[in-house]
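Please read the structure below before turning to the comments.
The values are calculated or read from the model by the stated rules, or taken from the named source; none is laboratory data. Everything quoted here is computed from the prediction, not taken from an experiment. For neighbour counting, all protein chains shown are included, and Cβ atoms are generated from backbone atoms with ideal geometry for every residue, glycine included.
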Amino acid sequence: MTDNRRFVLVRRPDGTPVPDDFALQTAQTPTLAPGEVLVRNVYASLDPAIRGWLDDAPSYMPPVPLGDAVRATTVGTVADSANPEFAIGDWVLGLNAIEDYSVAVPGGFTQKIDPAAVPAVTNYLSVFGAVGLTAYFGLLEVGKPKAGETVLVTGAAGAVGSLVGQIARIQGCRVIGIAGGPAKCARLTERYGYDAAIDYRGKDEAALVAAIAAAAPDGVDVIFENVGGIILDAGLMNLRDGARVALCGLISEYNAPAPVGVRNLWQLIVHSASINGLLVRDFVPRFSEGAAVMGGWLAEGKLVFDEDIVDGIDNAFAAFMTLFSGGNDGKLILKI
C-alpha cells in the first residue's frame, strides 16, 4: 500500500477557519482487524455541517479530534478486505474522512453502492445522497407543503436549496428563493424553476422583509431555512397563519465569534406557526423510498442538479471555504 495523505485538524478554528487550523499530513496506510475493510476514498462531500464538527461543542456527532483527519462522507473502492461480504474493488459509501485510505466497519454508515445505477458515482454524494434526501424528506416530512402554498427557500442556489425549490414546484407550490448575487438569482428562475428570486446582498433586515413581502404579499406558508441570521428573521416577519419552518442549517452563523440568535421568534406565536429542526439521519430507514422517487423525477425531466468538483486533496481547505463565500456552483465535492 502507498502512504496515506490526510487533511488533518491541528487547531480548533476561532471564528472563520484559516489554513493554519489544518495540515496535510502523510501517515502509514492503516491495517485491518477482522471484519473491517480498507476504503480508498475517491470523492469526499464538502458540506457546511463539517464546520460544526470542528468545534469542541455538543452536537449530534462528536467533534473531530485534534490530530485526526477531518470527517466527511466519501465514496470509494475497497482496497483491502477482512470482511467476507466486501470484495476488493467494490464501491462503497461511508462516513470516513478526507484522506486517501480509511478503515471502515460495514454496517451503519458504510454500504455498497452500484456506480452503474447512476449517471456518475458522485451522484451518491449529491442528488442520491444526503443532499438530495435532506431536500426530499426535509421539505415533504417537516415542511409539509400543500398545493397552492408559498414556499420560501433560503440558500436557494445551494446543493440542498436548489432541489428543495424544484420539489416544492412538483408539489404544486409557488416557490421563492433567496440567494447571493445576480448570477445565482438568475439560475434560480432559469434553471431551477423558482417563481421569484431575491438577492440578499446589500440588503439589511428591513429591506429583506420588504423584498419577501413584495414577492409573497399574502405571506409564506413554509420556510426551508439554510442560512439563519437576518435572513431567517426577515422570513419570520412574513409568515402566514399555521406556517411551518423547516430548520436545516444556519450557515451564516457557523463562523460567527458568538451565536447570533433569532430575534423575531415571537412571530411563531402571532401566526400559530411552528419551527422544527431536521437531520437526514432520522430518515435512514426510508432512504430507498426517497431515492426511488427522486430517481423517477430525474428520469421524467422534472429535476436538474449541479455538482462542483474540485480536484486534489491539497485543495481541500480552499474548496471547503467556498461554502461560506458562496463561490461554489452546485454540490461541492472534492476529488481526493
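Which of the residues spanning the range 235-261 are modelled with pLDDT of 90 or more, of a type in the set (A, V, I, L, M, F, W, C) and either under 22 Å from the mean Cα position of the chain (by Cα) or under 23 Å from residue 55 (Cα atoms) (or both)?
Selection gives 245, 246, 247, 248, 250, 251.
Taking the residues in the range 9-49 that are buried (at least 21 other Cβ atoms within 10 Å of the Cβ) and β-branched (Val, Ile, Thr) as candidates, determine which candidate is nearest to the chain's Cα centre (by Cα).
39
Could you run through the range 213-258 and say how many residues are in contact with a Leu (Cβ under 9 Å, 6 or more places away or on another chain) and in a helix (DSSP H, G or I)?
Residues flagged as in contact with a Leu (Cβ under 9 Å, 6 or more places away or on another chain) and in a helix (DSSP H, G or I) within the range 213-258 amount to 11.
Assuming residue 130 fulfils every condition listed in (1) under 17 Å from residue 289 (Cα atoms); (2) over 13 Å from the mean Cα position of the chain (by Cα) apart from one, which condition is it?
Here residue 130 meets the rest and fails (2).
Please determine, by comparing only the residues of the range 201-218 that are crowded, with 18+ Cβ neighbours inside 10 Å and in contact (Cβ under 8 Å) with a residue 40 or more places away in the chain, which one is farthest from residue 251 (Cα to Cα).
So the residue we want is 216.
I'm trying to understand the selection: among the residues of the range 18-52, which are part of a strand (DSSP E or B) and not polar (S, T, N, Q)?
22, 23, 24, 27, 37, 38, 39, 40, 42, 43, 44
Of the numbered conditions (1) under 16 Å from the mean Cα position of the chain (by Cα); (2) on the phi > 0 side of the Ramachandran plot, residue 159 satisfies every one except a single condition; which is it?
Condition not satisfied by residue 159: (2).
For the range 294-336, which residues satisfy the criterion of being among the hydroxyl-bearing types (Ser, Thr, Tyr) and on the phi > 0 side of the Ramachandran plot?
Once the filter is applied, which keeps residues that are among the hydroxyl-bearing types (Ser, Thr, Tyr) and on the phi > 0 side of the Ramachandran plot, the range 294-336 yields nothing.
Does the range 258-314 hold any residues that are of a type in the set (A, V, I, L, M, F, W, C) and over 30 Å from residue 238 (Cβ atoms), and which are they?
Passing the criteria: 284, 287, 291, 292, 298, 299, 309, 310, 313.
Only one of (1) farther than 18 Å from residue 254 by Cα; (2) at pLDDT below 95; (3) of a type in the set (S, T, N, Q) is not met by residue 59, so which one is it?
With respect to (1) farther than 18 Å from residue 254 by Cα; (2) at pLDDT below 95; (3) of a type in the set (S, T, N, Q), residue 59 is out only on (1).
From the list 264, 255, 328, which one is surrounded by 15 or more Cβ atoms within 10 Å (Cβ to Cβ) and assigned by TED's automatic domain parsing to the domain that holds residue 171?
Sole residue among the options that is surrounded by 15 or more Cβ atoms within 10 Å (Cβ to Cβ) and assigned by TED's automatic domain parsing to the domain that holds residue 171: 264.
For the range 146-160, give me each residue that is within 18 Å of residue 236 (Cβ to Cβ) and surrounded by 24 or more Cβ atoms within 10 Å (Cβ to Cβ).
150, 151, 152, 153, 154, 155, 156
Quick test of your reading of the structure: residue 336 fulfils all but one of (1) at pLDDT 95 or above; (2) surrounded by 18 or more Cβ atoms within 10 Å (Cβ to Cβ); (3) farther than 25 Å from residue 8 by Cα; (4) over 15 Å from the mean Cα position of the chain (by Cα). Name the failing condition by number.
(3)
For the range 286-321, enumerate the residues that are assigned by TED's automatic domain parsing to the domain that holds residue 70, assigned to a helix (DSSP H, G or I) and of a type outside the set (Asp, Glu).
Passing the criteria: 313, 315, 316, 317, 318, 319, 320, 321.
Within the bounds of the range 18-31, is there any residue that is in contact with a strand residue (DSSP E or B) (Cβ under 7 Å, 6 or more places away or on another chain), free of Cβ contacts under 8 Å to residues at least 24 places away in the same chain and hydroxyl-bearing (Ser, Thr, Tyr)?
yes
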